[in-house]
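**Student:** Below you will find the structure I want to go over with you.
The values are calculated or read from the model by the stated rules, or taken from the named source; none is laboratory data. Predicted, not measured: the structure shown is a model, and the values here were computed from it. Every residue, glycine as well, gets a Cβ built from its backbone with ideal geometry; the counts of neighbours run over all protein chains shown. Just so you know, the surface numbers come from the protein's heavy atoms only, side chains and all, with ligands and any DNA or RNA stripped out. Shrake-Rupley method; radii C 1.70, N 1.55, O 1.52, S 1.80 Å.
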Amino acid sequence: MSHADKRIGFVLLSNSACPLPSTRIAVLNVFPLLKAAGYDPEIVFEPASATETPDVTGLTERVKARGCSLVFFQKVHGPSVLAEMRKLRDMGVRTVYGVCDRIDDEIVGATDATTIVTEFLRQQHAPELRERIHIVHDGIERPGICHPHDGDTGSTPASRLRAVLVTSSTLETIPVIGRLPRHLDLTVVGRYPESPSLKQTIRGHLKRALLQPRQPGLGTLRSAGFQTRAWHPERVYADLLDTDIGIIPVDTRFDPLPGRKVSYWEVKSENRLTLKMALGLPVIASPVPAYLDIVEQGVNGYIARTRPEWLDAIDALRSPEHRRQVGLAARRTVLERFSMEAQARKLIGVFEKLLVGTELTA
């Protein structure tokens with residue numbers, strides 16, 4: 001391929017000056033690796049603020065002017081996006097749709113290839129489309145950081161365990177677990193204000209109290225017992241390292257995607273799991289399909305479906321030596337398989353298939 005043949009245009013979900021984590025992980029982190037492989041990636045569209053349904057009118061003319069041979073669409077969809085995808089195909093420009101949590105047969109059918117984060121999500125698409133869908137995971141961002149496991153020796157159960165839950169939402173209760181065990185201290189890192197005001201704190205307490213009659217299994221004002229922290233892309237690593245275990249409890253009640261027989265929680269990627277495992281942190285998680293192929297029960301982590309299973313796993317990880325062993329096994333499991341380099345190679349494989357016709361399997 002010539003240099004022009006390796007010019008790849010990227011349509012982003014969020015602005016590169018203030019990217020969402022998915023834009024940073026799936027696109028911006030990969031740019032240096034693409035450049036090292038001889039590709040010339042450039043942003044051909046980015047919204048002022050994050051949106052999955054942007055107006056990309058005029059994209060085809062911009063792509064033509066910049067001489068891109070392929071355009072990668074990160075998570076975006078909608079009438080404007082679909083129209084430009086079809087114009088690009090008519091012009092002979094290859095297109096790739098990158099998605100992590102959506103099932104859209106129309107867009108998969110309109111593009112030359114789709115990259116998706118899990119095999120489970122791939123299997124939810126129409127059978128005739130699956131051969132053009134390829135698995136490219138989210139790459140681990142900070143592989144050099146590892147939990148020190150200071151003091152994680154011996155077999156005497158710890159008097160208290162420190163746990164961390166990283167979420168993209170503002171949890172007021174803890175799914176599945178509900179009331180926390182007396183020996184567990186939990187920090188929830190999510191979309192909370194940096195320094196909550198007294199008014200915000202009172203509002204949060206009232207919201208928890210009001211939830212009690214409707215959702216008795218999810219915790220109450222009296223028993224919530226966790227502290228919250230505002231998420232920050234750098235500080236989150238300090239939050240993870242300053243703890244004993246990671247937890248990912250998910251409300252697994254049936255909450256279907258529009259027109260589908262699968263729930264929102266079932267199509268989640270493994271990113272939150274591999275983030276913690278890569279640090280060498282022992283993790284207990286709900287049975288998200290993407291997690292089941294990674295976790296070996298009691299060896300490199302735990303899958304828990306019910307409150308009793310959660311309590312048993314938490315109790316097992318009170319042993320400092322067991323925590324250390326599980327954490328190190330977790331790190332070994334994911335470090336290479338989910339590295340940025342490994343995912344970049346898979347993405348490049350998709351590009352090469354489309355641009356020069358090299359052999360590629362899903």
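**Student:** Can you name every residue in segment 271-289 that is out of contact with any strand residue (DSSP E or B) (no Cβ under 6 Å at 6 or more places or on another chain) and open to solvent by 10 Å² or more (accessible area, probe 1.4 Å)?
**Tutor:** The answer is N271, L275, P289.
**Student:** Identify all residues within segment 245-270 that are open to solvent by 20 Å² or more (accessible area, probe 1.4 Å), touching a helix residue (DSSP H, G or I) at 6+ places or on another chain (Cβ under 8 Å) and either modelled with pLDDT of 90 or more or basic (K, R) (or both); write none if there are none.
**Tutor:** Residues satisfying the conditions are D251, T252, E266, K268, S269.
**Student:** Next question. Mind telling me which of the residues S16, S49 ends up being more than 22 Å from S69 (Cβ to Cβ) and either among the polar types (S, T, N, Q) or open to solvent by 40 Å² or more (accessible area, probe 1.4 Å) (or both)?
**Tutor:** Values: S16 fails: more than 22 Å from S69 (Cβ to Cβ).
That would be S49, the only listed residue that is more than 22 Å from S69 (Cβ to Cβ) and either among the polar types (S, T, N, Q) or open to solvent by 40 Å² or more (accessible area, probe 1.4 Å) (or both).
**Student:** Taking segment 70-126, which residues are of a type in the set (D, E, K, R) and either closer than 27 Å to Y291 by Cβ or not in a helix (DSSP H, G or I) (or both)? Walk me through it before giving the result.
**Tutor:** Taking segment 70-126 as the starting set, the residues that turn out to be of a type in the set (D, E, K, R) are 75, 84, 86-87, 89-90, 94, 101-102, 104-106, 112, 119, 122.
Across segment 70-126, the qualifying residues are K75, R94, D101, R102, D104, D105, D112, E119, R122.
**Student:** To continue, here is another question. Under 6 Å between Cβ atoms, which residue pairs at least 6 apart in sequence (or on different chains) link something in segment 256-270 that is free of Cβ contacts under 8 Å to residues at least 40 places away in the same chain and closer than 18 Å to A290 by Cβ with a partner that is of a type in the set (G, A, S) and not in a helix (DSSP H, G or I)?
**Tutor:** Pairs that qualify, where the first residue is free of Cβ contacts under 8 Å to residues at least 40 places away in the same chain and closer than 18 Å to A290 by Cβ and the partner is of a type in the set (G, A, S) and not in a helix (DSSP H, G or I), are P256/S263.
**Student:** Continuing with this model, one more query. With the condition kept exactly as written, say whether any residue in segment 113-121 is in contact with a helix residue (DSSP H, G or I) (Cβ under 9 Å, 6 or more places away or on another chain), charged (D, E, K, R) and open to solvent by 10 Å² or more (accessible area, probe 1.4 Å).
**Tutor:** Narrowing segment 113-121 to residues in contact with a helix residue (DSSP H, G or I) (Cβ under 9 Å, 6 or more places away or on another chain): 113-121.
Subset that is charged (D, E, K, R): 119.
If we keep only those that are open to solvent by 10 Å² or more (accessible area, probe 1.4 Å) too, we end up with 119.
So far as segment 113-121 goes, yes, one or more of its residues are in contact with a helix residue (DSSP H, G or I) (Cβ under 9 Å, 6 or more places away or on another chain), charged (D, E, K, R) and open to solvent by 10 Å² or more (accessible area, probe 1.4 Å).
**Student:** Which of the residues spanning segment 300-314 are assigned to a helix (DSSP H, G or I), open to solvent by 10 Å² or more (accessible area, probe 1.4 Å) and either within 14 Å of H147 (Cβ to Cβ) or touching a Leu at 6+ places or on another chain (Cβ under 9 Å) (or both)?
**Tutor:** So in segment 300-314, the residues assigned to a helix (DSSP H, G or I) come out as 307-314.
Filter once more, so that each one left must be open to solvent by 10 Å² or more (accessible area, probe 1.4 Å): 307-309, 311-312.
Answer for segment 300-314, where residues must be assigned to a helix (DSSP H, G or I), open to solvent by 10 Å² or more (accessible area, probe 1.4 Å) and either within 14 Å of H147 (Cβ to Cβ) or touching a Leu at 6+ places or on another chain (Cβ under 9 Å) (or both): there is none.
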